[in-house]
Amino acid sequence: MKATHWWQNTAVYQIYPKSFNDTHGKGTGDLRGITEKLDYLKSLSAGALWLTPVYPSPMVDNGYDISDYCGIHPDFGTLADMEELIAEAKKRGMRIVMDLVYNHTSDEHPWFLESKKSRTNAKSDWYIWRDAKEDGSAPTNWRGIFGGSAWTYSEERGQYYLHTFAEAQPDLNWENPEVREALFAAANFWLAKGVGGFRIDAITYIKKPAVFTDGEPDAADGMTSVHDMTANTPGILDFLHEFRARVFDGHDIFTVGEANGVTPEELPLWVGENGVFSMLFEFSHVLVPYEGGECWHKAQPWPLTKLKRALTASQHATAKEGWFPIYFENHDRARSVDYFFPKGADKKLADKKLAAKALAAVLFTLRGTPFIYEGEELGMTNVAWDSIDAYDDISSHGQYALALEDGFSKEEALGFVHFNSRDNARTPMQWTAEKHAGFTSGTPWLPVNENYRTLNAAAEEKDTDSVLHFYRHLAKLRETIPALLDGVYEELLEENEQIYAFSRTLGKARIKTAVNFSTEDAALPAGFLRGTRLAGSYADAPTTSLRPLEAVIYEEEIQ
């Protein structure tokens, strides 16, 4: 698929509005705060800004529990503020991308409040309701993504409702055409406002199996993951093709689905002209420490070849049909410089600045659209708070409890949270060395990472060797070198456990990227790097080996 669409020729910057920039002093970011930083975002060559949910919500799951799909939460501002942001972004050649959470709503959404009243009301089957087992227990032994049973009993209705995620996030019943109609109408509301696309949350869970049965227990709690029982159920693509026809087709937008459970081999069914979405987030490369589900205390050391195989599989799967959204961070993942480094069994501490540049080199030179998560361009790092009570993230509490149930100590369980918690990516954006990192004049909703005094945007603006400047340089390379858009991908040094290397070839131009993921020198084959060095994470060029965490990008002419 040739890069002919606007969203293929740009970068996407993901914003977590609650933590981005606060202009009202309440300790939470707002829409005007985003508008205030548009020129900074433009400097990263970002042509699209993806906002995590800003709709009205009780905020049990930080906005992913929506109570009104067509409004704006007062903490973020007003609908007029959103319209201003859309207009100001457009002036700069940037588009706003909304997050659609269509697997579930908040339990305070008017639809659910009506549905739970009785088994006969107009919205009685807008959600997934089931009777208890004969002993009064939950209909199945499914464990929710955030821990605990995926079923909650409603006294008012006398039945259990299914929630793939938190108790406050009841799953919608996509089998009901009225539900689909209401969801399509909400998406079209935002298209009419001028948004440039949608990221669709947890979309692989919308189709449920025809018969609900217990699964084989996979932990000491006697439960099985709801993901294993419901993700990517056959028939889901029928729903999604209807979604595309009713909303996406005929608009100059892009769509990207969050598709945990879709394999690289299945990607052609989901993306491209004959698929559903423009792009699809799949998880194989960010789940390299895990086998059989993301249970935090079951993470294992991993070889670099596992990561390389995952990325290469996605490149090959979308080579002719579809397009790949390249990412290493988002609001649901830990900071990449800590998650991927030190790699596997390599126990040496990694230089976080070099680690950030190493991942950036891969991010901007693979085939696809690079997605930058807020603060990633600064090399922001994980936090390690000393108590589980300090964590806001609902999944962190669930995974902490699950580790305790499986016999780990409180210290060990907290260590798993330190490594994986979504709060790692949700600490406030580090703008300056001033109080609260220049994020707010009030008390931030989540503590600022303590390293903000030295790691912040203002400091990196002044340092030409900073991660921020490296990102800007790579973004410009991608804009100006055709091979980085349309070049054919080929993995090099496939069996090497230190170096990830690949080329992008278009005509007689070949771009070669080589990244040392280890904290030791990594030997290169003789004559491996030829031509002009376009970028490097060290000041000077390598010779016969790559230094620890070194990343280089070369351009050569094929004779």
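Coordinate-derived values only; no laboratory data. As the structure is a computational prediction, the values presented were derived from the model and not from experiment. Virtual Cβ from ideal backbone geometry, glycine too; neighbours counted across all protein chains shown.
Show the residues, 5+ positions off or on another chain, whose built amide H is closer than 5 Å to the amide H of T369.
Excluding prolines and chain starts, which carry no amide H, the hits are F324, I326.
Return a whole-number percent for the relative contact order of the stretch 1-104, with Cα pairs under 8 Å and 6 or more residues apart as the contact set. Each step should come with its number before you reach the end.
Numbers: 161 pairs, mean separation 28.5, N = 104.
Dividing the mean separation by the residue count of the stretch 1-104 yields 27 percent.
Relative contact order for the stretch 147-294 using alpha-carbon pairs under 8 Å, separation at least 6, rounded to a whole percent? Let's see the in-between values first.
Values: 174 pairs, mean separation 28.1, N = 148.
Relative contact order for the stretch 147-294 comes out at 19 percent.
Quick one: if the Förster radius is 60 Å, what FRET efficiency do L492 and L79 give, using the C-beta to C-beta distance and rounding to 0.05?
Efficiency, rounded to the nearest 0.05: 0.75.
Restricting to DSSP loop positions (anything but H, G, I, E, B) with no more than 12 other Cβ atoms inside 10 Å of their own Cβ, which trypsin sites (Lys or Arg not before Pro) remain in the stretch 477-519?
Working: sites: R478, R504, K508, R510, K512; in loops: K508.
Filter output for the stretch 477-519: K508.
How do F165, F528 rank when sorted from fewest to most other Cβ atoms within 10 Å of their own Cβ? All intermediate terms of the calculation are to be shown ahead of the outcome.
On the way: F165 26, F528 18.
The order, fewest Cβ neighbours first, is F528, F165.
Is the shape of the stretch 435-509 best called rounded, prolate or oblate, per the rule: a/c under 1.5 gives rounded, else a/b larger than b/c gives prolate, else oblate, with a ≥ b ≥ c the square roots of the Cα gyration tensor eigenvalues?
Details: a/c = 3.24, a/b = 2.24, b/c = 1.45.
Cα axes put the stretch 435-509 in the prolate bin.
Please list, in order along the stretch 7-22, the HN-Hα scalar couplings obtained from phi with the Karplus expression 6.51 cos²θ - 1.76 cosθ + 1.60 (θ = phi - 60°), rounded to whole Hz, x for Gly and Pro.
For the stretch 7-22, the Karplus-derived couplings read 6, 8, 9, 9, 10, 10, 10, 8, 10, 9, x, 4, 10, 8, 7, 9 Hz, x marking Gly and Pro.
About its Cα centre, what dipole magnitude does the chain give when the only charges are +1 on Lys and Arg Cβ and -1 on Asp and Glu Cβ, stated in debye to the nearest 20?
So the magnitude is around 1740 debye.
How much length is gained if the chain between D218 and K320 is pulled fully straight, taking 0.36 nm per residue apart and subtracting their Cα-Cα distance, in nm to one decimal?
32.9 nm
Please arrange W129, W142 by counting, for each residue, the other beta carbons lying within 10 Å of its beta carbon, fewest first.
W129, W142
For the stretch 86-97, take each phi angle, set θ = phi - 60°, evaluate the Karplus expression 6.51 cos²θ - 1.76 cosθ + 1.60, and give the result in whole Hz per residue in order, putting x for glycine and proline.
4, 5, 5, 5, 4, 4, 9, x, 10, 10, 8, 10
Calculated FRET efficiency, R246 and A539, Cβ-Cβ r, R0 45 Å, to nearest 0.05?
The pair R246/A539 has a calculated efficiency of 0.25.
When H163, H251 are ordered from fewest to most other Cβ atoms inside 10 Å of their Cβ, what list results?
Result, fewest neighbours first: H251, H163.
Considering Cα pairs under 8 angstrom that are at least six residues apart, work out the relative contact order of the chain and quote it in whole percent.
About 13 percent, as a whole number.
Across bins of 10 angstrom width beginning at 0, how are the C-alpha pair distances of the stretch 149-302 distributed, in whole percent?
In whole percents, the pair-distance histogram is 9, 34, 35, 18, 4, 0.
State the extension gain, in nm to one decimal, for the chain segment bounded by F184 and A458, taking 0.36 nm per residue of separation less the distance between their alpha-carbons. List each step's numbers first, then the result.
On the way: separation 274, 0.36 × 274 = 98.64 nm, distance 4.20 nm.
Fully extending the segment from F184 to A458 adds 94.4 nm.
Only one of the listed values, (i) 21; (ii) 63; (iii) 16, was derived from the coordinates as percent of Cα pairs over 43 Å apart; which label is it?
The value computed from this structure is option (iii).
With just the Cα atoms defining each centre, how far is the stretch 342-414 from the stretch 490-515? Give it in Å.
27
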